[in-house]
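Here the structure comes first, spelled out in structure tokens, and everything after it is commentary.
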Amino acid sequence: MLHQRLVKNTQVKKQKVYCLFTLIALALLFVSQHLVYSQQYVIVDSENGDRLTGSWRSATDTHFEIEYNGQILRLPLAGRTLKFTSDLAYVPDRVAAKHFHNGLTLLELGLPEKAQRRFEAAIEEFPKYPGAHYQLGLLYKANGDNANALERFRFVAILDAPNFDLVPLFHELGDTALANEVYDVAADNYQLILTYYPDHPDVSVLKYLTGFLLIEQLGDPSTGLFLLESAIKEYPDMAAHEKALFLIGKLQADMDQLENALHTLDRFVTRYPESEWIYEAHLIRAATNLKLGRLGEAASEAIHVSQISEDEAIKEQAKKILDQTKWTVYTEIDGLPDNHIQAMTTDGTRLWIGTPKGIMLFETAFGKWIPFEPVAELINTALESVLDVTAIAANSQEVWVGTRSQGAVHYSQLTGGIQNYSPADGFPAWIKDIKVDEAEIWFATDTGIIRRIRGSVEPFLYYNTQNSLLPADDIKTLLLTPQMVWGVSAEGDVVIFDRGKEEWDSYHSTAIRDGMKIVGLDIAEEQLLFTWFNPDEKSNGYFRADMDGGNGKSTTLDTGIEDENDLKNIYIRGARDTSPIVKEELEAEPVEEIPDPTIPDFSPETEGLEIEPEIEELETELPPLVPQIPLVLWIATNKDLYTHHTRSADVWQYTTTPQILTGELIVDSLVVVNNTVWLATSNGLATMNAQ
């Protein structure tokens with residue numbers, strides 16, 4: 001059947017050629033009058049197989065003239081086939097043409113395999129032979145070899161698309177691939193139609209379809225965006241216009257074409273207010289306004305979505321965007337030495353921040369960005385090279401600045417004097433934390449802990465694994481209480497120094513299970529607050545205890561976190577909860593529920609955080625726990641800022657960390673001062689109202 005169909009098609013084509021020959025000749029006569037200004041070549045094929053190629057001169061209804069080898073030949077139209085071209089590079093030579101015609105003859109005889117070899121020979125002789133490529137494509141397609149068929153038809157389109165109707169073939173191959181979910185092949189076929197047959201009626205549908213495939217299935221948003229923008233402009237009344245307009249706005253937002261995105265999505269929500277994508281369109285507009293710093297517009301869009309949607313997932317997205325409008329972000333544009341904030345501390349209402357390019361000081365009391373540039377400049381220029389600041393401790397009288405490679409710098413706020421403690425003088429180069437009180441100054445370094453007793457003849461005391469019970473020389477952070485000094489190693493082990501006995505010891509608590517690594521320390525209302533992470537369990541949380549480390553309890557915050565950076569970057573701050581107790585608050589629906597094992601009869605999931613089984617029999621002998629002062633806690637991670645009132649143990653609130661900061665966000669420090677939360681990150685300094 002296949003062979004008969006091919007033969008029939010060939011015979012029909014021949015009949016059409018000869019039956020319409022006279023009409024073609026007359027048409028050529030007319031056309032020839034309009035070609036006087038361009039060189040036209042004619043290929044003359046005779047029935048006996050002879051071929052002539054010359055320059056076209058003229059024609060009548062019975063004869064035609066060509067210039068051949070410098071002579072004018074007048075030949076009859078009868079018995080000859082004429083083909084015209086303006087480029088002889090695409091004219092097959094006599095040998096190739098003979099192979100091709102033999103292939104057609106073999107098709108008529110029902111010998112497709114032999115015909116295929118003739119067409120291949122024609123292409124080998126003359127690679128730019130569109131007719132031979134076309135016939136091979138038909139043979140491949142008939143045998144189910146769509147991949148090779150497509151490549152042959154592609155050559156035909158490139159060589160001579162106007163003289164071959166390839167649209168049905170490309171369309172069929174594309175539809176077959178689409179049905180089989182071979183999206184790249186489908187898009188390839190459709191794009192060939194769009195490229196070589198731009199005026200075909202199918203283009204109106206295929207521009208939309210191909211754009212959707214490129215964007216949704218093939219990860220090529222740039223090409224897809226170009227096609228869809230062209231489609232909605234040329235064919236605005238198609239059913240696919242709605243989806244295309246939405247996707248264009250979404251892609252423009254993703255590509256940071258922010259103003260274009262707002263304009264496109266404004267058209268979308270106006271034209272399609274009942275669309276299935278209407279909520280997402282509003283959310284994208286909100287996020288886009290957020291990126292542009294238009295916090296009011298972003299908040300309005302987010303609130304609007306919350307009011308019109310009943311979908312809880314949509315409402316949650318709107319809440320996250322609304323949370324983002326609460327943040328104000330400062331970067332180098334606002335005067336920061338560097339966007340990476342590595343250290344931060346407070347001195348009353350003044351905030352000190354440290355970056356790889358020095359420090360900055362500003363006042364927070366008035367809710368504005370008020371820098372103290374002369375003081376910062378004095379410290380930043382104290383050494384020959386810029387300070388890579390990794391730690392800061394400050395009070396009303398002095399400021400200590402720790403660096404990564406230059407030791408420590410002391411600045412007197414009383415006299416303005418500056419002194420450097422450098423590696424050249426035997427001081428450690430890398431200072432990771434500094435803590436001060438009225439009696440002492442303590443330094444956590446990568447080579448141990450340094451202690452300076454105020455008024456002592458010996459200015460510094462050095463502690464390391466060689467002369468003390470430190471778990472490691474690399475100490476990450478410190479915490480001072482009147483009786484104890486708490487230290488945490490880079491590996492998350494805790495060590496304590498009894499300031500009365502002047503003895504070091506390791507610290508353990510049954511609430512700190514194996515695998516937990518302590519990463520941060522704070523103190524609030526005679527209570528210790530530690531943050532921890534557990535890489536084995538992919539979880540993190542906080543530990544709360546009395547000042548001597550007793551009555552310790554752990555609360556898990558996040559679970560299932562794969563990225564260790566997101567696990568270990570967790571910081572806590574606490575203050576007395578002075579908010580009024582309202583009974584209705586206890587009955588209110590929680591904003592966010594996070595298990596807290598400090599509550600009796602806690603769920604089995606976190607029972608492991610209680611006393612270990614081997615000492616459970618001692619529970620009846622322990623004194624009753626003294627109720628701890630209710631606190632309000634702020635806990636920051638790379639993803640969220642949590643607020644927790646401990647008197648309402650099951651009720652947590654959270655705000656996502658500022659997504660308007662570019663790049664992957666890493667939180668390096670958290671400070672709460674003057675009813676304001678300050679978040680030091682790898683991409684800038686973020687702040688919001690603590691209430």
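A few points about this structure:
- Take each peptide in 568-577, 408-417, count the other Cβ atoms within 10 Å of every residue, and average; sorted highest first, the result is 568-577, 408-417.
- Inter-label distance, Thr81 to Glu47: 1.4 nm, where each label sits 7 Å from its Cα along the C-beta direction.
- Charge dipole (the chain, unit charges on Cβ, about Cα centre) - positive-most of Thr270, Val399, Phe153: Phe153
- Using the rule -39500 (n - 2.57) for each DSSP H run of four or more residues, divided by the residues of the chain, the 222 nm mean residue ellipticity is -10500 deg cm²/dmol.
- Placing a label point 7 Å from the Cα of Leu109 along the Cα-to-Cβ direction, the residues of region 124-160 whose backbone N falls under 20 Å of that point are 132, 135-136, 139.
- Summary value for the chain: 6 percent relative contact order, contacts being C-alpha pairs under 8 angstrom separated by 6+ residues.
- Computed on protein heavy atoms with a 1.4 Å probe, the accessible areas place Phe164, Phe530 in the order Phe164, Phe530, largest first.
- Rounded if a/c under 1.5, otherwise prolate or oblate - region 263-313, Cα gyration tensor axes: oblate
- Listed residues Ile308, Ser509, Val91: farthest to the positive end of the dipole of the chain (Cβ charges): Val91
- Between Asn163 and Thr481, full extension at 0.36 nm per residue minus the direct alpha carbon distance yields a gain of 105.5 nm.
- Inter-probe distance in nm under a simple model that places probes 7 Å from Cα toward Cβ, at Glu526 and Asp61: 12.1 nm
- For region 265-312, a crude dipole built from +1 on the beta carbon of Lys and Arg and -1 on the beta carbon of Asp and Glu, taken about the Cα centre, is about 400 debye to the nearest 20.
- Take the Cβ atoms of His645 and Asn148, set R0 to 56 Å, and the FRET efficiency comes out at 0.20.
- Estimated vicinal HN-Hα couplings, Hz - region 137-148 in sequence order (Karplus 6.51, -1.76, 1.60; Gly, Pro = x): x, 5, 5, 4, 4, 5, 8, x, 8, 5, 5, 6
- Percent accessible area from carbon and sulfur atoms, region 275-372, protein chains only, probe 1.4 Å: 52 percent
- Close amide-amide hydrogen proximity is noted between Asp640 and Thr657, each under 5 Å apart and 5 or more residues distant or on a separate chain (H modeled in the peptide plane; Pro and chain starts excluded).
- When +1 charges are put on Lys and Arg Cβ atoms and -1 charges on Asp and Glu Cβ atoms, the dipole computed for the chain relative to its Cα centre reaches about 4620 debye.
- The separation of region 324-364 from region 427-470, counted between C-alpha centres, amounts to 27 Å.
- Protection proxy ranking, peptides 418-431, 296-309, average beta carbon neighbours within 10 Å, highest first: 296-309, 418-431
- Lys/Arg +1, Asp/Glu -1 at C-beta; the chain dipole; positive extreme among Ile370, Ala240, Leu82: Leu82
- Taking the Cα centre of region 339-471 as reference, the dipole from Cβ charges on Lys and Arg (+1) and Asp and Glu (-1) amounts to some 200 debye.
- Sequence-distant residues sharing a close amide H with Asp577 (under 5 Å, placed H): Leu631, Val632
- Cross-link pairs Lys233/Lys320; Lys83/Lys141; Lys207/Lys315; Lys250/Lys315; Lys250/Lys319 - those with Cα-Cα distance over 24 Å: Lys233/Lys320; Lys83/Lys141; Lys207/Lys315
- Sequence-distant residues sharing a close amide H with Gly520 (under 5 Å, placed H): Thr531
- Candidate cross-link partners of Lys517 among the lysines, defined by an alpha-carbon separation under 18 Å and a same-chain spacing of 8 or more, comprise Lys432, Lys476, Lys538, Lys553, Lys568.
- Whole-number accessible area per residue in Å² for region 395-552, which is evaluated in the context of all protein chains at 1.4 Å: 43 Å²
- Phi angles across region 98-113 convert, under the Karplus curve 6.51 cos²θ - 1.76 cosθ + 1.60 with θ = phi - 60°, into 3J(HN,Hα) values of 5, 4, 5, 5, 5, x, 4, 4, 5, 5, 5, 8, x, 10, x, 5 Hz, Gly and Pro given as x.
- Computed from backbone phi, the HN-Hα couplings of region 514-527 come to 4, x, 7, 10, 6, 10, x, 9, 7, 9, 8, 6, 6, 10 Hz, rounded to whole numbers (Karplus: 6.51 cos²θ - 1.76 cosθ + 1.60, θ = phi - 60°; Gly and Pro given as x).
The values are calculated or read from the model by the stated rules, or taken from the named source; none is laboratory data. Bear in mind that the values here come from a model prediction, so they are computed numbers and not experimental data. Using ideal geometry, Cβ is built from the backbone for each residue, glycine included, and neighbour counts are taken over all protein chains shown. Accessible surface is based on the protein model in full, side chains and every heavy atom, while ligands, DNA and RNA are left aside. Shrake-Rupley method; radii C 1.70, N 1.55, O 1.52, S 1.80 Å.
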